[in-house]
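Taking it in order: structure first as structure tokens, then the write-up.
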């Protein structure tokens, strides 16, 4: 687990007696906490209640104890994990995902105007497929609504993510057609607040709001000289060796995987990478593992500003409630292993610049599946040899993949 106080909590549904009786009594749920009791209190806040329909309760009752269900917002599941059904389209993962969402849609209170559009198929390191399906309502994209359908060779093994049910646009002052006309060729979209109230907005309005919140750039990036004046020496632009990983695993980065398979950490991962064909892929196994890469760099003492930046992409099969799988961006002191210094190994942890998790995959700016630039001020480490350190950790089930590319430590 990524944090001592957080654990995976599953809900075992024992709803059959309630579903078969026509009474209005609440269904009973057994909370199974595998390690810590602290998570159960948080989970109870999300237990289903008045918004659940009788049809939804009956659908959930059919899963039985072998299927684990966790609830998120709006009293619908954030994950349903287990062998849900046999595959009916073994050669077509997108068709399989569409079929699975229709088959199991009642559990999410899916209605006729709710639909999904495919947004990509990821194959994890264990060979399982994960089909990302974006939610639409009356043919309009629902921002933040996305379910991932998980497949092995023979079965649909789970559905996870965030689905927004019970959408209603009847009280909108601006109709989708009016917004479409104003936006020109751009489709309007639906945004939903924390209590499930939907609003149709033009893309320009959404972009403006996102920009004002700073979601397009969540990081600090010192301004570096754009061009050098004539007859002057340009500052170093990057202290990282093999920063784009295009030279492969050539020794510039120290690579570790608890699986023993380091060839799947730095590799040719094609379109998952930000630039070129090579990048780093941490985790993505769907089983308990830890993977890391690190490199020692010396930041000159006369540096005015120093910035560490990278491009990061996150894909997960986990839900959006708890950070089960994590990526840490850290700076360590460099401990020499020889009289003269190199090679260096991590000594003392100096700073955790940021911790990312499966939860970030469901939030802007990562929720569109893009490579997003992240940057951090590391000026305080000038005059030191330090280790730039990335470590990914997955728990025992449901993959999360972290792709890292174009790592730059610039100084001026």
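Observations, loosely collected:
- Some residue of the stretch 285-298 being buried (at least 19 other Cβ atoms within 10 Å of the Cβ), in contact with a helix residue (DSSP H, G or I) (Cβ under 6 Å, 6 or more places away or on another chain) and not assigned by TED's automatic domain parsing to the domain that holds residue 132: no
- Strands (runs of 3 or more DSSP E) fully within the stretch 60-136 that include at least 3 residues being within 19 Å of the chain's Cα centre (by Cα) and either in contact (Cβ under 8 Å) with a residue 24 or more places away in the chain or surrounded by fewer than 20 Cβ atoms within 10 Å (Cβ to Cβ) (or both): 77-86, 114-123.
- Any hit, the stretch 363-376, residues being over 22 Å from residue 278 (Cα atoms) and part of a strand (DSSP E or B): yes
- Against the criterion of being within 29 Å of residue 119 (Cβ to Cβ) and part of a strand (DSSP E or B), residue 335 does not qualify.
- Any chance residue 314 is within 21 Å of residue 128 (Cβ to Cβ), in contact with a helix residue (DSSP H, G or I) (Cβ under 9 Å, 6 or more places away or on another chain) and assigned to a strand (DSSP E or B): yes
- Selection status of residue 338, out of contact with any strand residue (DSSP E or B) (no Cβ under 7 Å at 6 or more places or on another chain) and either on the phi > 0 side of the Ramachandran plot or not assigned by TED's automatic domain parsing to the domain that holds residue 125 (or both): yes
The values are calculated or read from the model by the stated rules, or taken from the named source; none is laboratory data. These numbers come from a predicted model, not from an experiment. Every residue, glycine among them, receives a Cβ derived from its backbone with ideal geometry; neighbour counts consider all protein chains shown.
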